[in-house]
Structure formats: C-alpha cells, structure tokens
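For reference, the structure discussed in these notes is given below.
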Amino acid sequence: MEISILLRQHVGGPCKPIVEVGQEVKKGQLIAVPEGLGANIHASVYGRVVAINDAIVIELADEQPEEFVPIKETDSYIEAVKEAGIVGAGGAGFPAHVKFNTPVDGGYVLVNAAECEPVLKHNIRFMNENPEVLVQGLKYVMEMTKAAKGYICIKPKHKKTLITLGKVVKNEPNIEIKYLPDMYPAGDERVIIREILGVELEPGQLPSVANAVVSNVETLKNVALAIDERRPVITKDVTVGGRINGDVDGVTFMDVPVGMPVGHYIELAGGLAPNAGEIVIGGPFTGKHGEMDSPITKTTGGILVSIVFPNDNRKFGILQCECGAQSERLTEIVEAMGGTVVAAERCKRMVEVNGRYRCDKPGECPGQTEKVLALKKAGAQVIIAGSCQD
Ligand code: SF4
C-alpha cells in the first residue's frame, strides 16, 4: 500500500522535500520543510519513498510500530509548535506558530468548538474522550499569546460534551465554557468574536483587533501533543458520512495517518452505498470534489458521499455566500448535472475587501428575493445557492 503526503497542506507555498526516492523513512521523521510561509511535514508511517511529485509517496513497510521520531527539543512552546508542523486543523491551514506568535496581552484565546458543518462530529468525540488534552493545549496557547482568559465556545446542544468539559474546567480559574448560537456559520471567526466578546469586526479585520486569538479544537490537541509528547502532526481526526452502507449519520475515525486515501475510511465505514454519488472532502457547505484515492491532509475534516446528482439541463443561476460553496464549486455541480450557468449573484451582505468578497455580518442573513429576481431576469430557470439561509 502507498500513501501520498501532499507538499502543500497549508496556507503558503508547497514545502521542499528533504528526502529522496528510494529512501527509508520512519514515522515522525521530517520529510519536507517550508520555503517561506508554511509548516514542516513529517512522515506519518514507516516505509520507503517511491515517488516525489506534488506529494511524497511512501510505500508502507510491513511493520508499523507505534513509536515515532519525536520533534527536536526546543527552548519555547512556539518553537515546538513550529517544529511539529502544526497548522489550523479546521480551516485553510494557517501555520500555528505564526498565529500564536502574536501576543494578545490580557486578552482571549477562543476555542472554536462549534463543529459547525452538518454531519461532522470528530471534534465532539475528541472533547468527550480527551477533555483534559484540549484544556492543556488551551493553557499552552494562553501562555504563548499572554492571554488572560480562555473560552471554549460550543453549542449548548452538545450536553454530554458540556458536562465532560465542565468537570475539567471547574479547576481552571481562567478558563470558561461559553455558548454559541446553534446556527451556521457559528464557527466563523468573526461570529465567535461577535457572540462571545461582543466585538463586531469589519470584514477582513483579524481577531487581534479584538485582542483575541481563535483556535480550532484539533489544533489545540496538536499543540498539547507537540509539547507534552514531542509528537509532530502525523495524524488527523475525520468523519465519514453520507451515502455509506449502514450509517449515513457520520462515522468518526481518530488519529488516522496523514496521506492515507479517503477511500480506505469510506470502506471501513461501510463502503459506498448503491446510490452513492460524488465524494466530497470537507463539510457539506464548504467541501470540494474528491476521489477515493484523494489523500487525507492536516486539514481534512469530512469525507462525505453525496447522492447521485440529478440530470437537469436547465439554465442555472448561482447565488453565493461567503460561508458556503463559491462560484467555482457551484458551477462544477451545475455542470455535473448537465446544466448551464447563465448568471451569478452574491448575497447582498458580501463586500469586497482586498480583492476577496467577505460577509458583512455572518449569520445575520437577509432574504434573497432581490437576488433571486435578478437571476430570473438574467434567464435562470433554476437557482443553486451556496448561501446558508433563506
Ligand atoms: S449574510 Fe449572506 S454571506 Fe453572510 S453568512 Fe448570511 S447568507 Fe452568507
């Protein structure tokens, strides 16, 4: 069996390989380093490098011991985060050593525990099983950023998780659990800051404006493991769901090696159901097209299987939202159905900031009648929407 460890799994350019074809590698060994913004990449298995292209392809050895090569000793927590190659596990993969190197003196570390995309549940499982690891990772990041308070931001519907976390947090004077509204996109950085701190950030403004850092649950897990166990990021927690035999409600797999093909976990979850359509990597709202052999990366969260797209050769209008599928993805879906895109509109709350459209007030979603009428006027017979409301 072979796995493919992508050289680009984060914001920034692809990493530079430091191994050669034919070389034996050990689990945890550093195999690629960033050139500029990026994060270290480590082998997630024992094996031999058989190809290097946009990924380092490793043929698995027969024996796969639990032990891994630890990251080197460091003088600071930030250095450990950097050595371990930690990136934001819940989003685009921003290098964590850069994010946590910005002090928020006396401010806040907000844990994004919203698990906002439907079907996904691996973060909730992790918090149920290892609440103390999350809290430890949070304490480390509070120390790195000089934050005074740590808030775990979660939806109250996760009652079991709240009770489990509460037992750990009750002994931590500077850490509290805070409630997020049960809506999408409650996990958006600006929504979390608005709901928890009452600060309304402008589109494009960073959490540091509110003297805060926002971090995903699994990122904090990786921080705790890097500092306590010297473990690099070589695994990912994922949820498999959708048109899978037996269970369509989401099956979680914890600590799967980065680089493994998603199809392996689809099979373990029950295999493709007879009515299986497209494989989607990511959540239902923001996921992208994938294949059975697409490799798991440091940011892969959901491995979902859709229904077979219906045939529909009508003229489509596209309606975009910042927090959902963008024009490229919506066009891909229309074309997969046999339709044609004749017009595109954005939710009226989307404003251009530095060449990118951002939502003015995420989660305070307006009606879209005006946009729908504009699309109809442009010839659309049917509308496909990436907007999260209405
Ligand atoms: S206001 Fe519009 S762009 Fe913003 S989250 Fe709602 S639907 Fe999306």
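The values are calculated or read from the model by the stated rules, or taken from the named source; none is laboratory data. If you're wondering where the values come from, they're calculated on a predicted model, not measured in any experiment. Using ideal geometry, Cβ is built from the backbone for each residue, glycine included, and neighbour counts are taken over all protein chains shown.
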Tell me whether the stretch 372-390 contains one or more residues that are more than 8 Å from the ligand (Cβ to nearest atom) and of a type in the set (Asp, Glu).
no
In the stretch 72-119, what count of residues is obtained for those that are more than 24 Å from THR239 (Cβ to Cβ) and among the small types (Gly, Ala, Ser)?
4
Taking the conditions exactly as written (aromatic (Phe, Trp, Tyr), out of contact with any Ser or Thr (no Cβ under 9 Å at 6 or more places or on another chain) and within 16 Å of the ligand (Cβ to nearest atom)), does TYR184 satisfy them or not?
yes
What's the number of the only condition in (1) in contact with a Lys or Arg (Cβ under 9 Å, 6 or more places away or on another chain); (2) of a type in the set (A, V, I, L, M); (3) over 26 Å from PRO95 (Cα atoms); (4) surrounded by fewer than 18 Cβ atoms within 10 Å (Cβ to Cβ) that LEU268 fails to meet?
(1)
Here are some conditions: (1) more than 13 Å from the ligand (Cβ to nearest atom); (2) assigned to a loop (DSSP other than H, G, I, E, B); (3) acidic (Asp, Glu). GLU335 meets all but one. Which one does it not meet?
(2)
Would you check if there is a residue in the stretch 55-78 being surrounded by 15 or more Cβ atoms within 10 Å (Cβ to Cβ), under 17 Å from SER215 (Cβ atoms), at pLDDT 95 or above and not hydrophobic (A, V, I, L, M, F, W, C)?
yes
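Is it the case that GLU322 is assigned to a helix (DSSP H, G or I) and either surrounded by fewer than 15 Cβ atoms within 10 Å (Cβ to Cβ) or within 16 Å of the ligand (Cβ to nearest atom) (or both)?
On the way: assigned to a helix (DSSP H, G or I): no; either surrounded by fewer than 15 Cβ atoms within 10 Å (Cβ to Cβ) or within 16 Å of the ligand (Cβ to nearest atom) (or both): yes.
No.
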Scan GLY47, GLY36 and give me the residue that is free of Cβ contacts under 8 Å to residues at least 60 places away in the same chain, out of contact with any helix residue (DSSP H, G or I) (no Cβ under 8 Å at 6 or more places or on another chain) and either assigned by TED's automatic domain parsing to the domain that holds VAL191 or crowded, with 17+ Cβ neighbours inside 10 Å (or both).
GLY47
The stretch 40-159: strands (runs of 3 or more DSSP E) wholly inside it with 2 or more residues that are within 21 Å of the chain's Cα centre (by Cα) and not basic (Lys, Arg) are 108-112, 149-154
Out of curiosity, is LEU110 surrounded by 21 or more Cβ atoms within 10 Å (Cβ to Cβ), touching a Phe, Trp or Tyr at 6+ places or on another chain (Cβ under 9 Å) and in contact (Cβ under 8 Å) with a residue 60 or more places away in the chain?
yes
Let me spell it out: the conditions are (1) surrounded by fewer than 21 Cβ atoms within 10 Å (Cβ to Cβ); (2) out of contact with any helix residue (DSSP H, G or I) (no Cβ under 9 Å at 6 or more places or on another chain), and ASP293 meets all of them except one. Which number is the exception?
(2)
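Do the conditions hold for ALA344, that is, is it within 16 Å of the ligand (Cβ to nearest atom), under 18 Å from VAL382 (Cα atoms) and of a type in the set (Gly, Ala, Ser)?
On the way: within 16 Å of the ligand (Cβ to nearest atom): yes; under 18 Å from VAL382 (Cα atoms): yes; of a type in the set (Gly, Ala, Ser): yes.
Yes.
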